[in-house]
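The values are calculated or read from the model by the stated rules, or taken from the named source; none is laboratory data. Computed from a predicted model, the values in this text were never measured in an experiment. Glycine gets a Cβ as well: all are built from the backbone with ideal geometry, and neighbour counts include every protein chain shown. Ligands, DNA and RNA are excluded from the accessible area calculation, which covers all protein heavy atoms including side chains. Shrake-Rupley method; radii C 1.70, N 1.55, O 1.52, S 1.80 Å.
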Amino acid sequence: MEEKLSSEVSLGIPTVKKPRELIRPRKKTRQIKVGSVLVGGDAPVSVQSMTTTKTHEIGPTLQQIAELTAAGCDIVRVACPRQEDADALSVIAKQSNIPVIADIHFQPKYVFAAIKGGCAAVRVNPGNIRKFDDQVKDICQAASDYGCSLRIGVNAGSLDPRLLKKYGKATPEALVESAVWEASLFEEHGFHDFKISVKHHDPVTMVRAYELLSEQGDWPLHLGVTEAGPAFQGTIKSATAFGALLSRGIGDTIRVSLSAPPVEEVKVGIEILQSLGLRERTLEIVSCPSCGRAQVDVYKLAEDVTEGLKDLKVPLRVAVMGCVVNGPGEAREADLGCASGNGKGQIFIKGEVVATVPEDQIVPTLIEKANELAEKMGLEAGSGEVEVLA
């Protein structure tokens, strides 16, 4: 069997990867820098998250940032509601391996502390910051001097009272008017290193707001459904809204806001981008839905295979199928697959049957073959090793 796998079965792995075709090309926006990460223009869509620790507790905050970095987070935001948080920013920004954004509300002085403390960017909420408009010039100067970019973060829950009075509630038009007005304050001082977000808890309102904002300028846009909810609900709302916008070429960076550990936000964000072809896919599990045709416990098979391969970081498509209707076809289309039934499973590699194993050996066989394929893919790509996390 091993001889057949290594010498007879063509893995069909291309030496040059072709980019996946997008639903619609990305809109060309102005490019800015958030530390080492480019945002906008032709830069990849980046994934952000936010720490849940007290920022002045430096050790736990850096630990959480390290966990987010390991999960694939590109940019991290930290809260800065108090002076002790502002005092900790310089240490955190220096020791973090990914760019740090300071999240500022109410106190303009913390904006300057974050800029001078070495943060890659500062998020300012115009609806919350007191005496903000008359300090824009000084903020622009400080940000320019220190190479710090900004995010104008407009939120439905903290919209300027004047706009709430004008529109009656946080409509898409109200969110966009707030964002465009604040952008103009920076631009009149010649400062353009900022991105904009117009977040709302309702995906329909949020999508419309970003569509309107995208039509009015070339600002890089940070997408988010604010207060999206618990993990399941928030994932659905975020995927719906981000999919609608990113498929139209709108959006340069995203944050999935979940009432869940921040690493889960990163996982969901990466999966959304991979599903849309905006980030190279790593492991993909294709498995049957609930169906009376299944002759094995597909739920259990899929869960066990997913768990066994969770640390594999190669573009491998694995099909775990449980019936004779779609099973063989899906298994043949995948890099690695199984078609299960009658107490056994046929194992496919690149369309070729390489083994037939008892049902209790399907999972260990798939895991074994997946690791063999991963190693071979790494060697054929010229890396000499495969990226597998221990």
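I need a count of the residues in the range 314-327 that are surrounded by fewer than 19 Cβ atoms within 10 Å (Cβ to Cβ) and at pLDDT 75 or above.
Pass one, the range 314-327, residues surrounded by fewer than 19 Cβ atoms within 10 Å (Cβ to Cβ): 315, 317, 323-326.
Narrowing the set further to residues that are at pLDDT 75 or above leaves 315, 317.
Final tally of qualifying residues: 2.
Of all residues in the range 47-70, those satisfying the criterion of being open to solvent by 50 Å² or more (accessible area, probe 1.4 Å) and within 18 Å of D103 (Cα to Cα) are T52, K54, H56, E57, I58, P60. Considering only the range 347-370, I want to know if a residue exists there that is within 17 Å of E284 (Cα to Cα) and modelled with pLDDT under 85. Within the range 347-370, not a single residue is within 17 Å of E284 (Cα to Cα) and modelled with pLDDT under 85. Considered as a group, the residues in the range 17-40 that are of a type in the set (D, E, K, R) and either at pLDDT 70 or above or under 15 Å from I196 (Cα atoms) (or both) include one that is surrounded by the most Cβ atoms within 10 Å (Cβ to Cβ), and that residue is R26. May I ask you to verify whether K116 is out of contact with any Gly (no Cβ under 9 Å at 6 or more places or on another chain), farther than 23 Å from A142 by Cβ and assigned by the TED database to the domain that holds R255? Answer is no for this residue.
Taken over the range 245-266, the criterion of being in a helix (DSSP H, G or I) and either free of Cβ contacts under 8 Å to residues at least 40 places away in the same chain or crowded, with 18+ Cβ neighbours inside 10 Å (or both) is satisfied by L245, L246, P262, E264, E265, V266.
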